[in-house]
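The values are calculated or read from the model by the stated rules, or taken from the named source; none is laboratory data. These figures come from a predicted structure and were not determined experimentally. Every residue, glycine among them, receives a Cβ derived from its backbone with ideal geometry; neighbour counts consider all protein chains shown. Quick note on the areas: whole protein, heavy atoms, side chains included, nothing else; ligands and nucleic acids left out. Shrake-Rupley method; radii C 1.70, N 1.55, O 1.52, S 1.80 Å.
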Amino acid sequence: MLQVTINGQPRQFSAGLTINQALRQIAIEVPTLCHDERIQPYGSCRLCTVEVKGFGGLVTACNTQLRDGMEILTHSETVTGVRKTPSACWRKIIPPKPSRSFRKNSSTATSANTA
Amino acid sequence: MKGVIIGGPIIGMIPPHLIDTQLGFEELAAIGAGVGHGGVVAFDQNTSIPALVEHVFSFGAYESCGKCTPCRSGAGRIEELFTNALAGDATKADLQECRDLVVALKLASLCGHGTGLARFAESILRYYPTEIEPCFK
């Protein structure tokens, strides 16, 4: 069993888990976007970053293996501040609503099918 | 001379008052710079620091592999903000956005490309504030 500290609380977990898997076992949720249980963790969105004492920066919970002795902070001021930045980047590039209809019977879809 | 970059461009810039820093890994890291690939680029007094930032982040955005959000989106956004600043169209809120993006690059990037861009930007904000802040009104 691995002995770790999460948000100041000592916890025990089996070996072989990612940080995210361990957090979900104790109902602590960190935000994710690129993560899906059906595929291998990718670590792209950086939303699931958590603070681990002794590491230089933040680590992605989705694809970082839980190790014995880790001290993890999931919602520190540093982490929550950093999470806002990727979110802000996406809000700038993703339009609030589609610029054209994607419905099957729309004229756009019809012309695309005949192209 | 305005400054020197050793091993850059995605590494800290060295201002004139620190030019006597010993050329060593620990010594340069202590002032926010580094050895990197060891190449030396010096900038004369005519260099525009905001234009240099735009140039470096244009390079950084182009060379980004695109995997992690802070580098993929953040580098291009910082380039855009400095393009606007050079055109006189940037606000203090834009400068704060730059600072937030630099923190995300430093702490949440996947690799040294993003963290290197952050080191460069941190050195500029630290050593050349009088050249940067007036561009953001």
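Would you say B:Val103 is within 27 Å of A:Cys45 (Cβ to Cβ), crowded, with 16+ Cβ neighbours inside 10 Å and more than 14 Å from chain A (Cβ to nearest Cβ)? Answer is no for this residue. Counting the residues of segment B:65-90 that are out of contact with any Leu (no Cβ under 7 Å at 6 or more places or on another chain), farther than 11 Å from B:Leu110 by Cα and small (Gly, Ala, Ser) gives 5.
Regarding B:Ser109, is this residue surrounded by 20 or more Cβ atoms within 10 Å (Cβ to Cβ) and within 14 Å of chain A (Cβ to nearest Cβ)? Yes.
Listed here are the residues, each with its yes/no results for (1) modelled with pLDDT of 95 or more; (2) under 30 Å from A:Cys48 (Cβ atoms).
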residue: B:Gly32; (1), (2): no, yes
residue: B:Thr47; (1), (2): yes, no
residue: B:Tyr62; (1), (2): yes, yes
residue: B:Thr69; (1), (2): no, yes
residue: B:Asn84; (1), (2): yes, no
residue: B:Leu101; (1), (2): no, yes
residue: B:Lys106; (1), (2): no, yes
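Among the residues of segment A:61-90, the ones that are under 23 Å from A:Gln40 (Cα atoms) and within 8 Å of chain B (Cβ to nearest Cβ) come to 2 in all. Here's a check for you: in segment B:112-125, which residue that is hydrophobic (A, V, I, L, M, F, W, C) and within 14 Å of another protein chain (Cβ to nearest Cβ) is surrounded by the most Cβ atoms within 10 Å (Cβ to Cβ)? Checked segment B:112-125; the qualifying residue surrounded by the most Cβ atoms within 10 Å (Cβ to Cβ) is B:Leu117.
When residues in segment B:55-88 are screened for being without any contact (Cβ under 8 Å) to a residue 40 or more places away in the chain, hydrophobic (A, V, I, L, M, F, W, C), surrounded by fewer than 21 Cβ atoms within 10 Å (Cβ to Cβ) and within 14 Å of chain A (Cβ to nearest Cβ), 1 of them pass. In segment B:6-28 there is at least one residue that is over 26 Å from B:Leu110 (Cα atoms), touching a residue at least 40 places away in the same chain (Cβ under 8 Å) and in contact with a helix residue (DSSP H, G or I) (Cβ under 7 Å, 6 or more places away or on another chain). When you go through (1) open to solvent by 30 Å² or more (accessible area, probe 1.4 Å); (2) more than 10 Å from chain A (Cβ to nearest Cβ); (3) assigned to a helix (DSSP H, G or I) one by one for B:Leu52, which number turns out not to apply? B:Leu52 satisfies every listed condition except (1). For A:Cys89, the conditions (1) in contact (Cβ under 8 Å) with a residue 12 or more places away in the chain; (2) not in a loop (DSSP other than H, G, I, E, B) all hold with the exception of (1). Taking the numbered list (1) in contact with a Leu (Cβ under 7 Å, 6 or more places away or on another chain); (2) outside any loop (DSSP other than H, G, I, E, B) in turn, B:Val35 passes all entries but (2). Within segment B:89-100, if we keep just the residues that are closer than 20 Å to A:Val79 by Cα and open to solvent by 10 Å² or more (accessible area, probe 1.4 Å), the residue that is nearest to the other protein chains (Cβ to nearest Cβ) turns out to be B:Asp100. Give the residue that is farthest from B:Leu107 (Cα to Cα), with candidates limited to residues of segment A:11-68 that are open to solvent by 50 Å² or more (accessible area, probe 1.4 Å) and assigned to a helix (DSSP H, G or I). Out of the qualifying residues, it is A:Gln25.
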